[in-house]
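The values are calculated or read from the model by the stated rules, or taken from the named source; none is laboratory data. Computed from a prediction, not measured in an experiment: that's the story for all the values here. No Cβ is skipped: glycine too gets one built from the backbone with ideal geometry, and neighbour counts run over all protein chains shown.
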Amino acid sequence: MTKIHFFCYLTTLILIQIVLNCVPISSAPEAAIVTKIPGFDGSFPSKHYSGYVNIDEAHGRKLFYYFVESERNPQTDPIVLWLNGGPGCSSFDGFVYEHGPFNFEAGKSRGSLPTLHLNPHAWSKVSSIIYLDSPAGVGFSYSGNESDYKTGDLKTASDSHIFLLKWFELYPEFQSNPFYITGESYAGIYVPTLAYEVAKGIDAGVKPVLNLKGYMVGNGVTDNVFDGNALVPFVHGMGLISDQLFETVNSECNGNYYNPTSENCEGNLAKVDQEIRDLNIYDILEPCYHDTSSSIRIENTKLPFSFRKLGETERPLPVRKRMFGRAWPFRAPVRDGFVPTWPQLLNSESVPCTDDEVADAWLNNEAVRKAIHAESANVAGKWELCTERIRFYHDAGSMIKYHKNLTSRGYRALIFSGDHDMCVPYTGSEAWTRSVGYKIVDEWRPWTVKDQVAGYIQGYENNLTFLTIKGAGHTVPEYKPVEALEFYSRWLEGRRV
Ligand SMILES: *[C@@H]1O[C@H](CO)[C@@H](O)[C@H](O)[C@H]1NC(C)=O
Ligand SMILES: *[C@@H]1O[C@H](CO)[C@@H](O)[C@H](O)[C@H]1NC(C)=O
Ligand SMILES: *[C@@H]1O[C@H](CO)[C@@H](O)[C@H](O)[C@H]1NC(C)=O
């Protein structure tokens, strides 16, 4: 049910001329309000809403969102769309493990309901956030027509654009707030392609007009050459391969690691892979979690037992053993065409170094699903952090042309990297942002939190900023919640980071 009333406002154009505008303002859909969720006893610090937006009536293609209002000032704080990557990963990854309103404490026994605590570093402290499961087939989003599960970059962007137009129609009170599109990993593709669709829509006068101001990408997939060439310099700089191997591989491959053209190059790259294969790809400092049922464990029995223990961060609860979902083998980030899954690549059920127990237990609990208005498993399917239900094609090519277009049109862009991620290493993001060729307006310098260096930043003209987060892995806010909230809020507010 949507309450509709009319709100009139006066706009003074010039002193004499007064134009009376009447626009319909309806408030957020009451049926979408979430007031109680299993595992949490307290009261919410801000309003939460969730539900489906049907983006294709004929197919019944429905995208699921969870919307958290800002805990500060929802009337004026920005609206931020958050997208996790994969492709195939649910944005509840961000909600549960990164910057959502709650920290999840595992239940007493495996699979039992987790306990939820308020997250003091939630990004909803300073912005309203829409967590969107995209494309259809991912998380709680689904379609009545399975042909929709074959999809790609371009269809995903146009579907998400339709979602946004419908969402802002449902929540018109937020149409004039500054709007940002954000995400990480494979969302390095989702974010610029969607921002481009939105910008085109704005230019074409599509209603409602979205007040897009900019976008943010964390450890984002961008360009197969830059990303493909990023690993070797990264692992050398981090001390994971010897100087000697680096020199050999460099001269044999001529700096072209993405597309090896000789057997000697290929052979030396295989040596590099061999040296780093037991590391946690999502954060080289973190231990690699081995599921007891995983075939990976059997292969890697030489790993010391202590190495399987959890690392510690500032989060009150242990960083999840599961780091992330779908990734690619070293040196083969994303190529044009079909994007395979880890399980497919490894011929096994599980993803190395990973565990997603609390998210799995919580989001597959029928009472939780009911409370957050997600369809039951027999309609929307079992919730999976990263699904294989979709067949996804990378059909938008390099993102650099999108970034150039968007930034030269005045949209602000923050490209950030956890500098210990080996999945999409900072070396690639640093190199491609530089390659755009914009003048440096804020030369490489440390940025700080509480008088400590939190990472480095380089600012370019047209509001393109590259930023690292020191010591963070692939999912930055999961490792460095304090620093993440700091750069996030400073950048959103247009302050110096
Ligand atoms: C699913 O969608 C495809 C493409 O639009 C259409 O050809 C097909 O008839 C649909 N199937 C069903 C069961 O509606
Ligand atoms: C960006 O793309 C739009 C739509 O294709 C095009 O009209 C515009 O000229 C481009 N702008 C720049 C600065 O490249
Ligand atoms: C950069 O962003 C600021 C703040 O939004 C804006 O005022 C300025 O015009 C932008 N600069 C460019 C070159 O787009």
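Scanning region 487-497 for residues that are assigned to a helix (DSSP H, G or I) and surrounded by fewer than 20 Cβ atoms within 10 Å (Cβ to Cβ) returns 489, 490. Residues in region 107-154 that are more than 16 Å from ligand 2 (Cβ to nearest atom) and among the hydrophobic types (A, V, I, L, M, F, W, C): 113, 116, 118, 122, 123, 126, 129, 130, 132, 136, 138, 140.
Whether a residue is surrounded by fewer than 18 Cβ atoms within 10 Å (Cβ to Cβ), of a type outside the set (D, E, K, R) and not in a loop (DSSP other than H, G, I, E, B) was assessed, and residue 31 passes this test.
Among the residues of region 255-267, which ones are at pLDDT 90 or above and under 18 Å from residue 234 (Cβ atoms)? Across region 255-267, the qualifying residues are 256, 257, 265. Only residues that are away from ligand 1 (no atom under 16 Å from the Cβ) and surrounded by fewer than 24 Cβ atoms within 10 Å (Cβ to Cβ) were counted across region 49-64, and they come to 5. Scanning region 356-371 for residues that are out of contact with any helix residue (DSSP H, G or I) (no Cβ under 6 Å at 6 or more places or on another chain) and either within 30 Å of residue 461 (Cα to Cα) or surrounded by fewer than 21 Cβ atoms within 10 Å (Cβ to Cβ) (or both) yields 357, 360, 361, 364, 365, 366, 367, 369, 370, 371. Beta carbons closer than 6 Å, at least 6 apart along the sequence or on distinct chains, never pair a first residue in region 433-447 that is touching a residue at least 60 places away in the same chain (Cβ under 8 Å) with a second that is loosely packed, with under 12 Cβ neighbours inside 10 Å. The set of residues in region 361-392 being more than 18 Å from residue 150 (Cα to Cα) and assigned to a helix (DSSP H, G or I) consists of 361, 362, 363, 366, 367, 368, 369, 370, 371, 377, 378, 379. Just so you know, in region 412-449 the residues that are within 16 Å of ligand 2 (Cβ to nearest atom) and small (Gly, Ala, Ser) include one that is nearest to residue 220 (Cα to Cα), and it is 413. Taking the conditions (1) under 17 Å from residue 411 (Cβ atoms); (2) among the basic types (Lys, Arg); (3) in contact (Cβ under 8 Å) with a residue 12 or more places away in the chain in turn, residue 200 satisfies each one other than (3).
If you go through region 448-474 and keep only what is within 23 Å of residue 185 (Cα to Cα), away from ligand 3 (no atom under 12 Å from the Cβ) and of a type in the set (A, V, I, L, M, F, W, C), you end up with 454, 457, 466, 467, 469, 472. Among residues belonging to region 183-214 that are part of a strand (DSSP E or B) and within 16 Å of ligand 3 (Cβ to nearest atom), point out the one that is surrounded by the fewest Cβ atoms within 10 Å (Cβ to Cβ). The selected residue is 213.
Applying a threshold of 7 Å to beta carbon distances and a minimum spacing of six or more residues, or different chains, the list of pairs starting in region 123-146 at a residue that is touching a residue at least 12 places away in the same chain (Cβ under 8 Å) and closer than 17 Å to residue 183 by Cα and ending at one that is β-branched (Val, Ile, Thr) and part of a helix (DSSP H, G or I) reads 134/156; 135/156. Report, by residue number, each residue of region 103-142 that is surrounded by 21 or more Cβ atoms within 10 Å (Cβ to Cβ) and in a strand (DSSP E or B). Result: 103, 104, 116, 128, 129, 130, 131, 132, 142.
Residues in region 215-268 that are in contact with a Gly (Cβ under 6 Å, 6 or more places away or on another chain), aliphatic (A, V, I, L, M) and either within 30 Å of residue 79 (Cα to Cα) or surrounded by fewer than 17 Cβ atoms within 10 Å (Cβ to Cβ) (or both): 217, 221.
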